[in-house]
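The values are calculated or read from the model by the stated rules, or taken from the named source; none is laboratory data. Since this is a predicted model, take the numbers as computed values, not measurements. Here the Cβ positions follow ideal geometry from the backbone for every residue, glycine too, while neighbour counts run over all protein chains shown.
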Ligand code: JFZ
């Protein structure tokens, strides 16, 4: 009897699994995936009323601020120095090809003119649609726009807060109702995907609120998010729009790129990335310039320009994009420490862009000494470590090296290919990244 029940159950699960139609990306979507893979570098922007306390975007949760008290922030948000043209130009000059903007973070504040929530920018003293201003400027300057959208909400009663890992100090007493919350998200996403021109991607976050913490075996969700409905809607409204979800799990059906938070694909230094890197989807990793996403007035742990270049190069070596974050200040200005570093990277990319954009990840994964990127018949060997000494590239894919030279200055490099291994001893240099080009086939 037990056996029969089991086989019946197995049969049922199989039918249910095959009944689900698998997502087939459209031609436009595949085209954008290729564009994305080639783009390599984007700007992440964490900004909103949470920037005001200067304590990062989790301040509501961390300081146990109730919904009632937190709502006051709306009256203080008046970013008089915000200038979309300057932001987008800054990203462009940094060599960034896209911007991922927070439209609504976990605190539930909507940065656009939405019909579906009163807690939005039009009810702040600023009264201007920030998503629209950034979108218009991106379209004007030819920078693609991705929108961050939180699945988790610390504010709404209908979000299934009872089972949430976070948001427990918000003072909510109502009962979660996912059907209602799902409808709300669909309504908002429809606004975002119909009123702001071409949206290149939606960056979801918050799934993990309904799972056991990272590192635990069972990472299944306590609620059924009905992603097929959400993703279906997005792909119906804008088929090219790429969906990514920061759930730290193997990509789900319907997703178009895979993201890693503060980690290079396959590395797990942050303790957030236990998932394996997909070999089918484009990859992206996001990272902060100091240690915070949202503006943090005491966080001065700025990475050096050299560290940021290294990160970009190593991400490229894995074939992944770097989405580098800034947390603008509550007045809409961007602190000089961020501006300087972005300008530095832009300058570096003006020289070395060819070794990053449109390349593939190296046949050899990044090493302690640096990373490899490649294009047709060209291998870019990035030596990031100052005293790297002799470098060996094992299982080298070319049969012959026709030319070996420094990318900068074109000076010849002694690179010997023997028994499938290349040996190179680079000159000492003050450059952040000594790039050696190996041409061959
Ligand atoms: C998430 C956000 O919570 C954060 O504010 C920021 O937007 C970042 C880019 O993405 O970061 C996470 C993701 C997962 C957990 C915590 C923070 N987690 O699993 O506890």
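Quick notes
- Single residue of segment 54-72 satisfying the filter (more than 16 Å from the ligand (Cβ to nearest atom) and in a helix (DSSP H, G or I)) that is nearest to the chain's Cα centre (by Cα): 67
- Residue check for residue 28: closer than 23 Å to residue 286 by Cβ and surrounded by fewer than 17 Cβ atoms within 10 Å (Cβ to Cβ): no
- Residue in segment 125-138 that is assigned by TED's automatic domain parsing to the domain that holds residue 195, farther than 12 Å from residue 111 by Cα and surrounded by fewer than 17 Cβ atoms within 10 Å (Cβ to Cβ) present: yes
- Remark: residue 331 falls outside the filter, which requires a residue to be surrounded by fewer than 17 Cβ atoms within 10 Å (Cβ to Cβ) and at positive phi.
- Residues that are within 22 Å of the chain's Cα centre (by Cα), buried (at least 16 other Cβ atoms within 10 Å of the Cβ) and either more than 29 Å from residue 300 (Cα to Cα) or in contact (Cβ under 8 Å) with a residue 60 or more places away in the chain (or both) within segment 355-371 comprise 355, 356, 357, 359, 361, 362, 365, 366, listed in sequence order.
- Among residues of segment 238-247 being part of a loop (DSSP other than H, G, I, E, B) and in contact with a helix residue (DSSP H, G or I) (Cβ under 6 Å, 6 or more places away or on another chain), the one that is modelled with the lowest pLDDT is 247.
- Residues in segment 256-286 that are at pLDDT 80 or above, more than 15 Å from the ligand (Cβ to nearest atom) and buried (at least 22 other Cβ atoms within 10 Å of the Cβ): 256, 282, 283.
- Any hit, segment 115-126, residues being within 16 Å of the ligand (Cβ to nearest atom) and either in contact (Cβ under 8 Å) with a residue 12 or more places away in the chain or farther than 30 Å from residue 314 by Cβ (or both): no
- Of all the residues in segment 77-104, those that are part of a strand (DSSP E or B) and either surrounded by fewer than 20 Cβ atoms within 10 Å (Cβ to Cβ) or touching a residue at least 60 places away in the same chain (Cβ under 8 Å) (or both) number 4.
- Total residues in segment 148-168, condition away from the ligand (no atom under 16 Å from the Cβ) and within 28 Å of the chain's Cα centre (by Cα): 3
- Filtered by the rule that a residue be within 13 Å of residue 245 (Cβ to Cβ) and within 10 Å of the ligand (Cβ to nearest atom), segment 209-228 gives 209, 211.
- In the condition set (1) in contact with a helix residue (DSSP H, G or I) (Cβ under 6 Å, 6 or more places away or on another chain); (2) farther than 23 Å from residue 101 by Cβ; (3) part of a helix (DSSP H, G or I), residue 158 is compliant with all but (3).
- Screening 156, 165 for residues that are buried (at least 18 other Cβ atoms within 10 Å of the Cβ) and at pLDDT 95 or above leaves exactly one candidate, 156.
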